[in-house]
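Participant: The structure that follows is given in the form of structure tokens.
The values are calculated or read from the model by the stated rules, or taken from the named source; none is laboratory data. Keep in mind that what you see is a predicted model, and the values were worked out from it rather than measured. Here the Cβ positions follow ideal geometry from the backbone for every residue, glycine too, while neighbour counts run over all protein chains shown. Surface areas here come from the heavy atoms of the whole protein model, side chains and all, with no ligands, DNA or RNA. Shrake-Rupley method; radii C 1.70, N 1.55, O 1.52, S 1.80 Å.
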Amino acid sequence: MKENLATVYDPKAVEAKWYQHWVDQKYFHAEPNSEKEPYTIVIPPPNITSALHIGHGMDNAIQDILIRTKRMQGYEALWMPGTDHASIATQVKIEEALAKEGISKHDLGREKFLERAWEWKEQYGGTIINQLKKIGCSCDWDRTRFTMDEGLSRAVREAFARLFNKGLIYRGSYITNWCPSCQTVISDDEVEHEEKDSHIWHLRYPLKDGSGFIEVATTRPETMLGDTAVAVHPEDARYQGMIGKQVLLPLMDREIPIVADDYVDPAFGTGAVKVTPAHDPNDFEIGLRHKLDHVKVIGKDGKMTQEAGKYESMDRYDARKAVVRDLDSGGYLVKIDPHKHAVGHCYRCHNVIEPMVSLQWFVKMTPLAEPAVDAVKRGETKLVPDRFTKIYYHWMENVHDWCISRQLWWGHRIPVWYCQDCGETIVASDDPTQCSKCSSANLKQDEDVLDTWFSSALWPFSTLGWPDKTPELSYFFPTNVLVTAYDILFFWVAKMIFSSLEFMGEVPFKDVLLHGLVRDAEGRKMSKSLGNGIDPLEVIDQYGADVLRWSLISGTTMGNDSRYYPEKIEAARNFANKIWNASRYVLMNLGDFSYEEIDVENNLELADRWILSRVNQVSAEVLGFIDSYNFGEAMRTLYDFMWSEYCDWFIEISKGRLYGEDEAAKHTAKSVLAYVLEKTLRLLHPFMPFITEEIWQHLPHQGSSIMIAPWPAVEDRFANQHAERAMAMVMDAIKAVRNIRAELSVAPSKKVECTLHAATSEVKELLTQAAAYFTKLAGISELSIGMTGDQKPAKAMTAVVSGAEIYLPLAGLIDIDQEIERLKKELKVLQSEVDRGEKKLNNPGFVNKAPEQVVAQEREKLEDWKQKQERVSARIAELQA
RNA sequence: GGGCGCAUAGCUCAGUCGGGAUGAGCGCUUGCUUCACACGCAAGAGGUCACAGGUUCGAGCCCUGUUGCGCCCACCA
């Protein structure tokens, strides 16, 4: 005798139990296996900065849905897990923690600081892995990687060395984005532009020869201290005479030239631009063309430098005020106009970026970007939804060289050594012991670390063993799909694509699935400062992982943001509860019914053929939706089937047989209940892994776990259009009876008599088969079935459905006049349907041009409406007589 | 300055190939302590698919434009 399910589902006990079981059985583990086709996903490695948030919940739930489905389908499914060291983000966090202890990273020193960082990694890395397990993620934990693992670090060095040797990595002094708060440069991608209301200052610089002034316009007056030229357009008539002349820079008493440069737009401002090559990207370019000096007036701390003269050590914003004041009192300020302009902010700390010339390492992008565009154009990698493809092209085609050095401690130290004796630069994947040129052992490694995205760019192959030619790499690579939120398309996805093409010679994944961001109930981004975040672990703690997963993904579409709020969690909880209770009902009635006893071939009645056909159809639809990444639709299909069809109709119908005396019928009912439920659970498993496993283990089944049970195949023998249509008609008829009962407020417990008149003998046969359904589901005491035209009850409520009329002789409740009114209303509705159909079919364009099938369908529908209409009018006439 | 997304029931959102909007959940109305489930059952109400044109036999869906909201990219000082 099988043990029934607990009265109430307890996710906590169930989830821990089955997760441990799956791990113990090594179901998550994948190995290169020539017998099977591989299916690979690499996890977007969560940053070790903090615990997972709700967005991670969605991201990983999606990946788990895919990997579980494919595993059940028989693929050798590998989900590669791991975490990211997140160089800058983690370092900022650790420095914050140190600040609370009252110490700085310099007090600790590099070595001790890194020890702290590794401790941090141990703590948060572990937390993250545990959280992923709680969500139910079926990652191959034996293969867990970290971006600063030995193997991955080797990959990073190898990649750096190869790019360097190909001339694709270079070092140089260029304008870069300096974050005065994080104390490092960041790449262009990491700068967030915010349009802000500001001002534009018009200044006039006196010409050295005393012949007058030239007026320039600037949004950053404090940088004038570092001006080394004024530029005008070469063809600007206003300034023809001035090109080549010297200007006396106010406040600084420096002579600077007026140069001609195409960059200047004569139509903007005054047509003359002050040039500060050390602190502006455009000015830097102008400076290159005209060999201008760099005067650095703003330092790395965001304060003015010695070069700024008397403004030295002032904060850059205080200096702005002081400079404007002094220019004004010197008579150099012409006017201040309001002006909107974009200011760059650091994506990590949100402080204003200072463009600054500094010596950094760069990756030359053009040669890498081109193949990355071509590969996507050839369809080797597909972005889902498709609209992101254009965005990707635009980025790739306009990309700047990638600044990869960071003035941080936590990260991959740049594998470059400088000979202290001869000045040689040595790039090596293994630590060199002597200079390759002068053999000196006096080498010093570059102090900087690499951009964190440099290592994540290699993730899809470095985790599989690259640069070694491992069996894993040749079997599991390229991966099938990368699942991530659209906000890291440039940071990460694009970089993986060009890196993979460069190092592996092929794309890293076939599909990129970009999902949206999870927002709060008001549509705001969830953030710590707003305090509007929902902790996925809390949801799991309260409702279970299945509910978390379902509530996060159902009703969403890929690429679009979604809102998350308690009602969604409740809806998912209710569904889980529904599945649980339906299963309890089935198990309670199954007794010790065994898998071998299941017979879904013989002795089937209408409802059986119907539900078997439906579950078969559902399994086809669900797989189609999963394969096209329409998870919301897959889940809706399963939800509706389980709730509205299996529970509301099939289970209710089954009660007649289960509580009856006919043993054969009982056996069939049990068989179909068990068979369909088991199949549905398998379809639900990727979405709700825990509850489905718990129930499945109690049900008659084959195999040791639902997660390695085969994905339900679509079987033609179950497809039964006839049964589906017949059942639809029966359900319509039952609903019509219920409707009348409700309208006349007949107590649900009250059994009533009912007469059905079929239009054809087929329908009569069908209704006879379904007689028990009426008794059970419509509260019918006595059902008489005749043919249209037979003697009908004198005083009865009427409903007309396709192929049949329904008469309910509800003594004492019927008011003939009211009933006539009701039927007339019904007739009106039918009339409008008939009109619509006739209009369509009377249109020669429709009949001639629409597909035959559509026209036939329309004819059939019209015929049906007309029949109903006729019968209702006939009934009205009878009642009026 | 470019580009993208969204606009469908009171709210939050689905809607695959262009073929009656029986759309979903929540909320609302009316009945139900019916032997799996009140986290439930049954019956209902509720839509000019943002607006204006166009293509088509037929448009929520395709095309053009408009409005509102949101997002991304961007070296006009």
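Participant: For segment A:125-155, which residues satisfy the criterion of being without any contact (Cβ under 8 Å) to a residue 24 or more places away in the chain and either assigned to a helix (DSSP H, G or I) or under 17 Å from residue A:707 (Cα atoms) (or both)?
Facilitator: A:126, A:130, A:150
Participant: Can you find a residue in segment A:300-315 that is within 16 Å of RNA strand B (Cβ to nearest atom) and either crowded, with 17+ Cβ neighbours inside 10 Å or among the small types (Gly, Ala, Ser) (or both)?
Facilitator: Scanning segment A:300-315, I find no residue that is within 16 Å of RNA strand B (Cβ to nearest atom) and either crowded, with 17+ Cβ neighbours inside 10 Å or among the small types (Gly, Ala, Ser) (or both), so the answer is no.
Participant: I would also like to ask the following. I need the helices (runs of 4 or more DSSP H) fully contained in segment A:599-663, keeping only those with at least 1 residues that are more than 22 Å from residue A:689 (Cα to Cα).
Facilitator: A:606-627, A:652-658
Participant: Run down A:577, A:616, A:589 and say which single residue is within 27 Å of residue A:724 (Cα to Cα) and either of a type in the set (A, V, I, L, M) or open to solvent by 10 Å² or more (accessible area, probe 1.4 Å) (or both).
Facilitator: So the residue among A:577, A:616, A:589 that is within 27 Å of residue A:724 (Cα to Cα) and either of a type in the set (A, V, I, L, M) or open to solvent by 10 Å² or more (accessible area, probe 1.4 Å) (or both) is A:589.
Quick grid of which residues meet (1) within 50 Å of the chain's Cα centre (by Cα); (2) under 22 Å from residue A:728 (Cα atoms); (3) aromatic (Phe, Trp, Tyr); (4) within 11 Å of RNA strand B (Cβ to nearest atom):
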| position | (1), (2), (3), (4) |
| --- | --- |
| A:791 | no, no, no, no |
| A:794 | no, no, no, no |
| A:821 | no, no, no, no |
| A:827 | yes, yes, no, no |
| A:832 | yes, no, no, yes |
| A:836 | yes, no, no, yes |
| A:842 | yes, no, no, yes |
| A:850 | yes, no, no, yes |
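Participant: Keeping to segment A:267-298, report how many residues are surrounded by fewer than 24 Cβ atoms within 10 Å (Cβ to Cβ) and polar (S, T, N, Q).
Facilitator: Total satisfying the criteria: 2.
Participant: Can you name the strands (runs of 3 or more DSSP E) wholly within segment A:339-431 that have at least 3 residues being of a type in the set (Val, Ile, Thr) and more than 16 Å from RNA strand B (Cβ to nearest atom)?
Facilitator: A:425-427
Participant: Another question, if that's okay. Can you tell me how many residues in segment A:675-714 are open to solvent by 10 Å² or more (accessible area, probe 1.4 Å) and either in contact with a strand residue (DSSP E or B) (Cβ under 9 Å, 6 or more places away or on another chain) or among the small types (Gly, Ala, Ser) (or both)?
Facilitator: Summing the residues that are open to solvent by 10 Å² or more (accessible area, probe 1.4 Å) and either in contact with a strand residue (DSSP E or B) (Cβ under 9 Å, 6 or more places away or on another chain) or among the small types (Gly, Ala, Ser) (or both) in segment A:675-714 gives 3.
Rundown of residues vs (1) of a type in the set (Gly, Ala, Ser); (2) surrounded by fewer than 19 Cβ atoms within 10 Å (Cβ to Cβ); (3) within 24 Å of residue A:379 (Cβ to Cβ), yes/no style:
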site: A:444; (1), (2), (3): no, yes, no
site: A:471; (1), (2), (3): no, yes, no
site: A:503; (1), (2), (3): no, no, yes
site: A:518; (1), (2), (3): no, no, no
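Participant: Can you name every residue in segment A:550-576 that is touching a residue at least 24 places away in the same chain (Cβ under 8 Å), hydrophobic (A, V, I, L, M, F, W, C) and assigned to a helix (DSSP H, G or I)?
Facilitator: Passing the criteria: A:550, A:552, A:553, A:569, A:572, A:575, A:576.
Participant: In segment A:655-670, what count of residues is obtained for those that are surrounded by fewer than 19 Cβ atoms within 10 Å (Cβ to Cβ), in contact (Cβ under 8 Å) with a residue 12 or more places away in the chain and either more than 15 Å from RNA strand B (Cβ to nearest atom) or among the hydroxyl-bearing types (Ser, Thr, Tyr) (or both)?
Facilitator: Of the residues in that region, 3 qualify.
Participant: Out of (1) more than 20 Å from residue A:862 (Cβ to Cβ); (2) open to solvent by less than 10 Å² (accessible area, probe 1.4 Å), what's the single condition that is false for residue A:804?
Facilitator: The number of the failed condition is (1).
Participant: Of the residues that make up segment A:616-626, is at least one in contact (Cβ under 8 Å) with a residue 40 or more places away in the chain, more than 13 Å from RNA strand B (Cβ to nearest atom) and closer than 30 Å to residue A:61 by Cβ?
Facilitator: yes
Participant: Continuing with the same structure: Residue A:440: small (Gly, Ala, Ser), open to solvent by 10 Å² or more (accessible area, probe 1.4 Å) and outside any loop (DSSP other than H, G, I, E, B), yes or no?
Facilitator: The answer is no for residue A:440.
Participant: I've got another one for you. Within segment A:176-188, is even one residue within 36 Å of the chain's Cα centre (by Cα), charged (D, E, K, R), more than 30 Å from residue A:332 (Cα to Cα) and within 16 Å of RNA strand B (Cβ to nearest atom)?
Facilitator: Within segment A:176-188, one or more residues are within 36 Å of the chain's Cα centre (by Cα), charged (D, E, K, R), more than 30 Å from residue A:332 (Cα to Cα) and within 16 Å of RNA strand B (Cβ to nearest atom).
Participant: Still on this structure, I have one more. Please find, within segment A:524-547, the residue that is most open to solvent (accessible area, probe 1.4 Å) out of those that are of a type in the set (Gly, Ala, Ser) and without any contact (Cβ under 8 Å) to a residue 24 or more places away in the chain.
Facilitator: Here the answer is A:529.
Participant: Before we move on, is residue A:861 surrounded by 12 or more Cβ atoms within 10 Å (Cβ to Cβ) and more than 9 Å from RNA strand B (Cβ to nearest atom)?
Facilitator: no
Participant: Look at residue A:150 and say whether it is near RNA strand B (Cβ under 10 Å from one of its atoms) and under 32 Å from the mean Cα position of the chain (by Cα).
Facilitator: Judged against the criteria, residue A:150 is not a match.
Participant: With the structure loaded, tell me whether residue A:649 is surrounded by fewer than 19 Cβ atoms within 10 Å (Cβ to Cβ), within 12 Å of RNA strand B (Cβ to nearest atom), more than 17 Å from residue A:700 (Cβ to Cβ) and modelled with pLDDT of 95 or more or whether it fails that test.
Facilitator: Here the answer is no, as residue A:649 does not meet what is asked.
Participant: Take residue A:798 and tell me if it is within 16 Å of RNA strand B (Cβ to nearest atom), of a type in the set (Ser, Thr, Tyr) and modelled with pLDDT of 90 or more.
Facilitator: Yes, satisfied.
Participant: Can you name every residue in segment A:552-589 that is more than 6 Å from RNA strand B (Cβ to nearest atom) and either under 15 Å from residue A:516 (Cβ atoms) or in contact with a strand residue (DSSP E or B) (Cβ under 8 Å, 6 or more places away or on another chain) (or both)?
Facilitator: Those that are more than 6 Å from RNA strand B (Cβ to nearest atom) and either under 15 Å from residue A:516 (Cβ atoms) or in contact with a strand residue (DSSP E or B) (Cβ under 8 Å, 6 or more places away or on another chain) (or both): A:552, A:553, A:554, A:558, A:559, A:561, A:562, A:564, A:568.
Participant: Could you tell me which numbered condition residue A:368 fails, if it satisfies all but one of (1) surrounded by fewer than 18 Cβ atoms within 10 Å (Cβ to Cβ); (2) within 22 Å of residue A:510 (Cβ to Cβ)?
Facilitator: Failing condition for residue A:368: (1).
Participant: Regarding segment A:733-744, can at least one residue be identified that is buried (at least 18 other Cβ atoms within 10 Å of the Cβ), under 20 Å from residue A:879 (Cα atoms) and either of a type in the set (Gly, Ala, Ser) or touching a Pro at 6+ places or on another chain (Cβ under 9 Å) (or both)?
Facilitator: Yes: one or more hits.
Participant: Moving to a separate point now. Exactly one condition in (1) within 26 Å of residue A:598 (Cα to Cα); (2) surrounded by fewer than 16 Cβ atoms within 10 Å (Cβ to Cβ) is false for residue A:768; which is it?
Facilitator: (1)
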